[in-house]
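S.K.: Attaching a single structure in structure tokens format; questions to follow.
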Amino acid sequence: MGVEIRVDGLKKTFGRQVIWEDVSFTVPAGQISALLGPSGTGKSVFLKNLIGLLRPDRGHVWVDGVDVPELREKHLYELRRRFGVLFQDGALFGSMSVYDNVAFPLREHTRYGESKIRDIVMSKMEMVGMVGAEGKLPGEISGGMRKRAGLARALVLDPEIILADEPDSGLDPVRTSYLNQLFADINYETGATILIVTHDIGTARVLPDNMGLLFRRGLVMFGHREMILSSTDSAVNQFFNARREGPIGMSEEKDDATLRSEGNGGRSRARPAPIPPQIMPTNGRPRPYQARPGQWLQSHGVQAPPGSFVDDEGRDWLIDWDRLAGRWQEPPPPPPAPHKA
Ligand SMILES: Nc1ncnc2c1ncn2[C@@H]1O[C@H](COP(=O)(O)OP(=O)(O)OP(=O)(O)O)[C@@H](O)[C@H]1O
Ligand SMILES: [Mg+2]
């Protein structure tokens with residue numbers, strides 16, 4: 001099962017530029033979480049701090065009882081084996097074929113023979129829809145394909161924790177849907193802890209169990225999807241509903257005068273959009289740590305935005321969860337052992 005990541009009081013600067021500070025939250029074990037934020041708020045830098053590629057100025061990153069910023073190279077190397085990481089640019093080796101890129105972690109971290117490596121590589125290539133491109137060089141395939149090859153490489157060691165920096169950027173909408181489905185299926189099958197950085201609020205609204213927003217050199221909020229998607233906080237509401245009104249401006253945060261002219265005083269006047277149902281694993285069953293729709297709202301006494309939890313076919317998941325989640329398909333208990341006379 002997955003491992004939680006607990007971030008405590010994290011601060012990162014480059015020279016005199018503070019990227020973010022006082023960042024504290026827990027990425028829950030075995031769940032899918034997403035980190036969002038305007039461009040340049042330090043999302044990629046944050047992921048690199050989690051695996052010790054960059055060191056914070058202050059604070060802790062606890063993974064399974066160890067504090068990552070404290071680790072020496074040798075221990076970092078061992079820890080990274082437990083992570084599958086997709087970097088924003090794919091980070092493929094340009095002079096190696098796609099096949100060799102995907103096989104790389106297996107050759108580096110295991111003693112598997114080439115035929116076993118071939119089986120694993122080809123199964124991951126199939127998962128990401130890349131069969132047929134094994135022999136190509138990264139420079140010979142499209143940006144979206146490089147992303148998917150990078151994802152295949154991140155998955156070959158069956159990691160306990162998957163970090164993916166904008167896995168959906170450069171993908172067309174249909175492939176983005178397939179990719180989101182893949183994350184839901186991987187989480188169902190392996191229980192890996194998944195943290196995705198994305199700009200795509202379409203993805204954010206239907207895939208993760210939890211999400212957070214980086215803005216103004218800090219973490220504005222992190223929590224259950226129902227908390228975020230029903231929030232009236234101005235930045236959260238603006239971002240997750242893709243509105244122009246709010247504190248997030250085109251190039252940076254808006255100044256006070258602009259904000260006053262919009263007259264929103266920190267609260268959003270626009271109501272949150274309906275909360276859509278989450279993507280289910282292909283087999284229709286809930287993931288091990290997937291919460292029943294509406295559970296968070298109910299236990300916190302928050303009204304769901306009108307029209308929430310209704311899917312494209314008009315079914316209401318608040319009412320139909322048990323049936324739609326496929327629990328009725330649960331196999332019957334095994335028959336009792338035959339009675340010996
Ligand atoms: N190695 C580095 N040295 C100095 N500054 C850096 C370094 N890496 C990132 N930065 C700066 O840190 C800030 C955050 O960068 P980062 O790439 O994390 O943003 P981001 O939120 O991932 O943006 P995007 O959504 O565009 O990918 C930027 O101002 C960037 O210039
Ligand atoms: Mg980035």
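FYI, it's all coordinate maths here, none of it is from the lab. Not measured: the values here are computed from a predicted model. Don't worry about glycine lacking a Cβ; one is built from the backbone with ideal geometry, like all the others, and counts go over all protein chains shown.
S.K.: Of Lys116/Lys136; Lys12/Lys147; Lys74/Lys136; Lys12/Lys116; Lys43/Lys124; Lys11/Lys74, which sit over 31 Å apart, Cα to Cα?
M.R.: On the way: Lys116/Lys136 21 Å; Lys12/Lys147 27 Å; Lys74/Lys136 33 Å; Lys12/Lys116 41 Å; Lys43/Lys124 26 Å; Lys11/Lys74 24 Å.
Long pairs (Cα-Cα over 31 Å): Lys74/Lys136; Lys12/Lys116.
S.K.: Per-residue HN-Hα couplings for region 93-99, Karplus 6.51 cos²θ - 1.76 cosθ + 1.60 at θ = phi - 60°, whole Hz, x for Gly and Pro?
M.R.: So the J values, rounded to whole Hz, are 6, x, 9, 10, 5, 4, 4.
S.K.: Rounded, prolate or oblate for region 120-188? Axes are the square roots of the Cα gyration tensor eigenvalues, ordered a ≥ b ≥ c, and the cut-off for rounded is a/c under 1.5. Please list the in-between numbers first.
M.R.: Details: a/c = 1.64, a/b = 1.19, b/c = 1.38.
Oblate shape, in that a/c is at least 1.5 and b/c is the bigger or equal ratio.
S.K.: Please identify the longest segment of the chain free of exposed GluC sites (Glu not before Pro), where exposed means a DSSP state other than H, G, I, E or B and no more than 15 other Cβ atoms within 10 Å. Before the final figure, lay out each step's value.
M.R.: Working: sites that count: Glu4, Glu252, Glu313.
Longest gap between qualifying sites, sites excluded: 5-251.
S.K.: Separate question: Among DSSP bridges having both ends in the chain, what percentage is antiparallel? Round to the nearest 5. Please list the in-between numbers first.
M.R.: On the way: 23 of 40 bridges.
In the chain, DSSP labels about 60 percent of beta bridges as antiparallel.
S.K.: What dipole magnitude, in Debye to the nearest 20, does region 1-156 give about its Cα centre under +1 on Lys/Arg Cβ and -1 on Asp/Glu Cβ? Numbers along the way, then the final one.
M.R.: Details: 23 positive and 18 negative charges, 37 e Å.
About 180 debye.
S.K.: Could I ask something else about it? For Arg107 and Ser169 in the same chain, what is the full-extension length gain: residue separation times 0.36 nm, less their Cα-Cα distance, in nm? Mind showing how you got there, number by number?
M.R.: Working: separation 62, 0.36 × 62 = 22.32 nm, distance 2.84 nm.
The span from Arg107 to Ser169 would gain 19.5 nm if fully extended.
S.K.: Which order results if Phe93, Phe183 are arranged by neighbouring Cβ count within 10 Å, fewest first? Don't skip to the end; give the middle numbers.
M.R.: Details: Phe93 12, Phe183 24.
Lowest count first: Phe93, Phe183.
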